[in-house]
1. How many residues does region 62-76 contain that are assigned to a helix (DSSP H, G or I) and either modelled with pLDDT of 95 or more or on the phi > 0 side of the Ramachandran plot (or both)?
2. What single numbered condition from (1) polar (S, T, N, Q); (2) open to solvent by 50 Å² or more (accessible area, probe 1.4 Å); (3) touching a Ser or Thr at 6+ places or on another chain (Cβ under 8 Å) fails to hold for SER12?
3. Please find, within region 176-210, the residue that is surrounded by the most Cβ atoms within 10 Å (Cβ to Cβ) out of those that are outside any loop (DSSP other than H, G, I, E, B) and of a type in the set (Gly, Ala, Ser).
4. In the set VAL130, VAL147, which member is touching a residue at least 12 places away in the same chain (Cβ under 8 Å), in contact with a His (Cβ under 7 Å, 6 or more places away or on another chain), farther than 18 Å from GLN202 by Cβ and of a type outside the set (Lys, Arg)?
5. Please go through region 101-124 and pick out each residue that is assigned to a helix (DSSP H, G or I), open to solvent by 60 Å² or more (accessible area, probe 1.4 Å) and touching a residue at least 12 places away in the same chain (Cβ under 8 Å).
6. Looking only at region 1-24, which residues are over 16 Å from the mean Cα position of the chain (by Cα), among the hydroxyl-bearing types (Ser, Thr, Tyr) and modelled with pLDDT of 95 or more?
7. Do you know which residues across region 211-233 are open to solvent by 50 Å² or more (accessible area, probe 1.4 Å), among the β-branched types (Val, Ile, Thr) and modelled with pLDDT of 95 or more?
8. Suppose we filter region 26-61 for residues that are farther than 17 Å from GLY95 by Cα, touching a helix residue (DSSP H, G or I) at 6+ places or on another chain (Cβ under 8 Å) and in a loop (DSSP other than H, G, I, E, B); how many remain?
Amino acid sequence: MNTKLPIGLFDSGVGGTSIWREIATLLPGEDTIYLADSKNAPYGEKTRDEIVALSIKNTEFLLNQNCKLIVVACNTATTNAIEILRARYQVPFIGIEPAIKPAVHNSTKQTVGVLATKGTLASELFSKAVETYSQTKIIEQVGRGLVRLIENGQMESDEMTNLLHTYLQPMIDADIDYLVLGCTHYPYLIPQIKKILPPHVQVIDSGVPVAKHTKKVLTEIRALSTSLKGHHRFVTNSNPQVLSNLLNNEYEIEAIDF
């Protein structure tokens, strides 16, 4: 395989850049293409059939860019569509799942909170994960409205603060000691979340484990880049400024009709 081919990533918007950051940090020589399907965000409120159809569309866009591996940088798309994608295409896929396992294994109170989209929490994959750790009390909370506010550039708004208080208070009352973020948009809210949670509560997201797994898969298929510095391309079908702001205006954003 041509090791210079890019890694493709897609998400239902800008949130998957939290995963892209970790991959770009761990694998600085890799070229990447990030596709933000913001026009259709949030996936978490859509039906499974809609999520699968959008995931196929995103995958085919990235395959047309000759991506050597695709990261489904969206919990909802992973839990609802990744098995279908793997059966349909030859390229390796890396998925994103809520990091319940490390939270459960490290929790001393055996009470863990999960903040995720409706689509992730309702998925068969998530249900199986919860069943596996039935000895632990898992407090599930749909983060309705959070993705919309992030996509609209309203991360610091009063509405965001109020929603976070509403969603986190039942977990605080249940005395959780770990909070799992089950949506790639949510790591951008960690500073605000930590202001609300008691200081002993640990917040876990999937970024670093996904980056490590990406490196492992690329090594196994002998596709790791030998370059010292990668080139990064960002594509969106919505307002490019929100994506640009999250990337500190360091990259040019391509706006396409997709």
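The values are calculated or read from the model by the stated rules, or taken from the named source; none is laboratory data. Everything numeric here is computed off the predicted structure, so don't read it as measured data. In this analysis, Cβ positions are derived from the backbone assuming ideal geometry, glycine residues included, and neighbour counts consider all displayed protein chains. Quick note on the areas: whole protein, heavy atoms, side chains included, nothing else; ligands and nucleic acids left out. Shrake-Rupley method; radii C 1.70, N 1.55, O 1.52, S 1.80 Å.
1. Residues of region 62-76 assigned to a helix (DSSP H, G or I): 62-63, 75-76.
Retained after the next criterion (residues that are either modelled with pLDDT of 95 or more or on the phi > 0 side of the Ramachandran plot (or both)): 62-63.
Looking only at that region, the number is 2.
2. (2)
3. Ranking the candidates gives GLY182 first.
4. Numbers: VAL130 fails: in contact with a His (Cβ under 7 Å, 6 or more places away or on another chain).
Selected residue: VAL147, the only one of VAL130, VAL147 that is touching a residue at least 12 places away in the same chain (Cβ under 8 Å), in contact with a His (Cβ under 7 Å, 6 or more places away or on another chain), farther than 18 Å from GLN202 by Cβ and of a type outside the set (Lys, Arg).
5. LYS101, ASN106, LYS118, GLU124
6. From region 1-24, those over 16 Å from the mean Cα position of the chain (by Cα) are 1-6; that's our starting set.
The next check asks that each one be among the hydroxyl-bearing types (Ser, Thr, Tyr); those that pass are 3.
Of everything in region 1-24, nothing turns out to be over 16 Å from the mean Cα position of the chain (by Cα), among the hydroxyl-bearing types (Ser, Thr, Tyr) and modelled with pLDDT of 95 or more.
7. Residues satisfying the conditions are THR219, ILE221.
8. Going through region 26-61 one residue at a time, the tally reaches 5.
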